[in-house]
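The values are calculated or read from the model by the stated rules, or taken from the named source; none is laboratory data. Treat the numbers as computed from the prediction; the structure is a model and nothing was measured. Neighbour counts are summed over all protein chains in view; Cβ atoms, including those assigned to glycine, are modelled from backbone coordinates with ideal geometry.
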């Protein structure tokens, strides 16, 4: 096998592929990236970590068909280091020669025939605009549990209800809920739980394409469809992702938390509260809280320790409540991430009491209806002061 390709074409494809490779794969060959050139000069670049597989397709020149398996991270580092221009690959007995201009590398081949057979990408179940999917993933990934990749809380729940998909994530301390529109191929009501930490970055990368195919395989028991998907996939013109899924019926029932009644409402402009919270995060330690003191005409943001560094800043706000004032405290990072994710001019905090979960929604103006497409729920921190 041999071929030539422009570096600025190859690097993005390798970057997306190497991003999913495991640091210490149980199957040694999964540390590799597979390059396969067909008779028409199209090359597939394949990588997998056992749970997720990614395939990118690029066109090559001056080629001889064939395939080779090369150490993925080392391959990417080599190509990335080369000067701009044409990169040449030529397979030899035990190595592959990689060169560009005056730079020449040789990289040992891995056993091509030991690369595991990967699952075929599932059938299409509908289409979604790439920017819509990328925006939704950006928002909900903040609430994925990042401590345990095997926990269902590390997943993103896609709850499909015909032409609407609701994405849920939670790490026990907060919840993100995002509703998006798509075009299903047929009437469909299913739930799919995918691994958020490993799939998220790759899914956002493929979402750079204007149109995405959503794909899934649903199993059957006694010729009747079952609730969970068996495989999940995303594809665009020249790239595709296939992912194993987790048991969607094991995901906590979050919907009931969005049907609560609230007694107190705080409205504040996003561009006014964000800078104050960013300043508060500077003096707040990782294990301490940002305290909000709510009153009818404003709120006061407090954080830090008077003995070292603290902040006390007033922000214009509207507090609707039978109470004249209230104190409520949050993790500074979780509070910042949630408010940053709200896409609207005004942020609305719905409060039952200072120790119960608070809902965050957005409004174009404080006296206009709320935006129903994104809701963030955050549990306050008990603050004795």
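Restricting to the range 85-95, name every residue that is under 18 Å from residue 14 (Cα atoms) and either loosely packed, with under 13 Cβ neighbours inside 10 Å or without any contact (Cβ under 8 Å) to a residue 60 or more places away in the chain (or both). If the condition is that a residue be under 18 Å from residue 14 (Cα atoms) and either loosely packed, with under 13 Cβ neighbours inside 10 Å or without any contact (Cβ under 8 Å) to a residue 60 or more places away in the chain (or both), then 85 is the only one that fits.
The residue of the range 8-24 that is nearest to residue 203 (Cα to Cα), among those that are over 22 Å from the mean Cα position of the chain (by Cα) and surrounded by fewer than 18 Cβ atoms within 10 Å (Cβ to Cβ), is 9.
Only one of the numbered conditions (1) surrounded by 13 or more Cβ atoms within 10 Å (Cβ to Cβ); (2) farther than 21 Å from residue 177 by Cα; (3) touching a strand residue (DSSP E or B) at 6+ places or on another chain (Cβ under 6 Å) is not met by residue 281, and that is (3).
The numbered conditions (1) within 20 Å of residue 141 (Cα to Cα); (2) in contact with a helix residue (DSSP H, G or I) (Cβ under 9 Å, 6 or more places away or on another chain); (3) touching a residue at least 24 places away in the same chain (Cβ under 8 Å) are all true for residue 371 except (2).
Identification of strands (runs of 3 or more DSSP E) wholly contained in the range 1-57 with 2 or more residues that are closer than 14 Å to residue 115 by Cβ yields 32-37, 42-48. Can you say whether residue 380 is surrounded by fewer than 17 Cβ atoms within 10 Å (Cβ to Cβ), part of a loop (DSSP other than H, G, I, E, B) and either touching a residue at least 40 places away in the same chain (Cβ under 8 Å) or outside the structural domain of residue 171 (by TED's automatic domain parsing) (or both), as far as the supplied structure shows? Taking the combined requirement at face value, the residue does not satisfy it. For the range 41-56, a tally of residues being surrounded by fewer than 16 Cβ atoms within 10 Å (Cβ to Cβ) and touching a helix residue (DSSP H, G or I) at 6+ places or on another chain (Cβ under 9 Å) returns 1. All conditions in (1) assigned to a strand (DSSP E or B); (2) within 22 Å of residue 209 (Cβ to Cβ) hold for residue 120, with the sole exception of (1).
Residue count for the range 125-180 under the criterion of being part of a strand (DSSP E or B) and buried (at least 17 other Cβ atoms within 10 Å of the Cβ): the result is 22. Applying a threshold of 8 Å to beta carbon distances and a minimum spacing of six or more residues, or different chains, the list of pairs starting in the range 325-340 at a residue that is touching a residue at least 12 places away in the same chain (Cβ under 8 Å) and ending at one that is surrounded by fewer than 18 Cβ atoms within 10 Å (Cβ to Cβ) and part of a strand (DSSP E or B) reads 325/293; 325/295; 326/293; 327/293.
Condition check ((1) at pLDDT 90 or above; (2) outside the structural domain of residue 16 (by TED's automatic domain parsing); (3) surrounded by 16 or more Cβ atoms within 10 Å (Cβ to Cβ)) across all residues:
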| position | (1), (2), (3) |
| --- | --- |
| 242 | yes, yes, yes |
| 247 | no, yes, no |
| 269 | yes, yes, yes |
| 274 | yes, yes, yes |
| 277 | yes, yes, yes |
| 285 | no, yes, no |
| 288 | no, yes, yes |
| 299 | yes, yes, yes |
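Once the range 352-361 is narrowed to residues that are in contact with a strand residue (DSSP E or B) (Cβ under 9 Å, 6 or more places away or on another chain) and either crowded, with 22+ Cβ neighbours inside 10 Å or without any contact (Cβ under 8 Å) to a residue 40 or more places away in the chain (or both), the residue that is farthest from residue 315 (Cα to Cα) is 355.
Rundown of residues vs (1) in the same structural domain as residue 39 (by TED's automatic domain parsing); (2) buried (at least 19 other Cβ atoms within 10 Å of the Cβ); (3) under 22 Å from residue 38 (Cβ atoms), yes/no style:
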| residue | (1), (2), (3) |
| --- | --- |
| 66 | yes, no, yes |
| 70 | yes, yes, yes |
| 73 | yes, no, no |
| 76 | yes, yes, no |
| 79 | yes, yes, yes |
| 83 | yes, no, no |
| 101 | yes, no, no |
| 104 | yes, no, no |
| 109 | yes, no, yes |
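All of (1) under 21 Å from the mean Cα position of the chain (by Cα); (2) modelled with pLDDT under 95; (3) not in a helix (DSSP H, G or I) hold for residue 219 with one exception: (1).
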